[in-house]
Amino acid sequence: RDALRSELEEGLRFEALLIDLSARFANVPADQVDSEIEDAQRRICECLGLDAALLWQWNDQPPAQLTLTHMHRPVDGPPPPTPEEVLAVFPWAHAHLSAGRMYVHAALDDLPPEAARDKATFEHYGVKSNVGLPLAVGGAAPIGALTFNTTREPRRWTGAIVSRLQLVAQIFANALARKVADTEARPR
């Protein structure tokens, strides 16, 4: 009963945070999108007791690579992989996210056998559980990915929390797309 109450309270706190984030991102100026995303990542991690939130964007130059552009995580972990390393160290996750599919794992042992390389990399970074969400706007190809991790202990990701994290991914994707459009529309 206490676990259910705690889960409901967490859900209500996260709902309130989502409402605030939606309002803040509705009209955020292009030059403030990055700082707002990083602040939102911190607030989400604090609200849900998560250890890391990472936002990756695909560059538009061949070969397409994921580049870590926004991050909230403990400072004591190893440095994140470079764009050149991402495909090599996260091939399974990369394939899912680039195809527009999310993944959710309460524990690394939940990963399928074909994700053995990813599992080893997650273990290297101390990740115990994670969620990966593609960032896309209007049914277009993904422009990036948003991941949330725990490093202290595994976490059970409820359907409600995952649905709310998908809303966060959509808020971030829309803000990034508006930022690009605003930047391209400015006279040079």
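Some points to look at:
- Count of region 144-173 residues which are open to solvent by 60 Å² or more (accessible area, probe 1.4 Å) and closer than 25 Å to Asp31 by Cα: 3
- Tally of residues being over 19 Å from Arg43 (Cβ atoms) and not in a loop (DSSP other than H, G, I, E, B) across region 133-159: 4
- Hits in region 97-143 - residues which are within 14 Å of Leu54 (Cα to Cα), of a type outside the set (Gly, Ala, Ser) and open to solvent by less than 50 Å² (accessible area, probe 1.4 Å): Leu97, Phe122, Val127, Asn130, Val131, Leu133, Pro134, Leu135
- Annotation note: of His94, His70, the sole residue that is farther than 22 Å from Arg178 by Cα and either open to solvent by less than 50 Å² (accessible area, probe 1.4 Å) or touching a helix residue (DSSP H, G or I) at 6+ places or on another chain (Cβ under 6 Å) (or both) is His94.
- Of the residues making up region 4-20, one or more are surrounded by 17 or more Cβ atoms within 10 Å (Cβ to Cβ), within 30 Å of Glu184 (Cβ to Cβ) and under 18 Å from the mean Cα position of the chain (by Cα).
- Any pair with Cβ under 7 angstrom, 6 or more apart, that starts in region 168-188 at a residue that is in contact (Cβ under 8 Å) with a residue 24 or more places away in the chain and ends at one that is open to solvent by 50 Å² or more (accessible area, probe 1.4 Å) and in a helix (DSSP H, G or I): Ile171/Ser22
- Residue check, Thr183 among the polar types (S, T, N, Q) and over 20 Å from Gln41 (Cβ atoms): yes
- Only helices (runs of 4 or more DSSP H) whose full extent lies in region 1-118 are considered here, and the ones with at least 2 residues that are closer than 23 Å to Gly139 by Cβ are 2-26, 33-48, 91-98.
The values are calculated or read from the model by the stated rules, or taken from the named source; none is laboratory data. Remember, it's a predicted structure, so these values are computed and weren't measured experimentally. Cβ atoms come from the backbone with ideal geometry, glycine included; neighbour counts cover every protein chain shown. Surface areas here come from the heavy atoms of the whole protein model, side chains and all, with no ligands, DNA or RNA. Shrake-Rupley method; radii C 1.70, N 1.55, O 1.52, S 1.80 Å.
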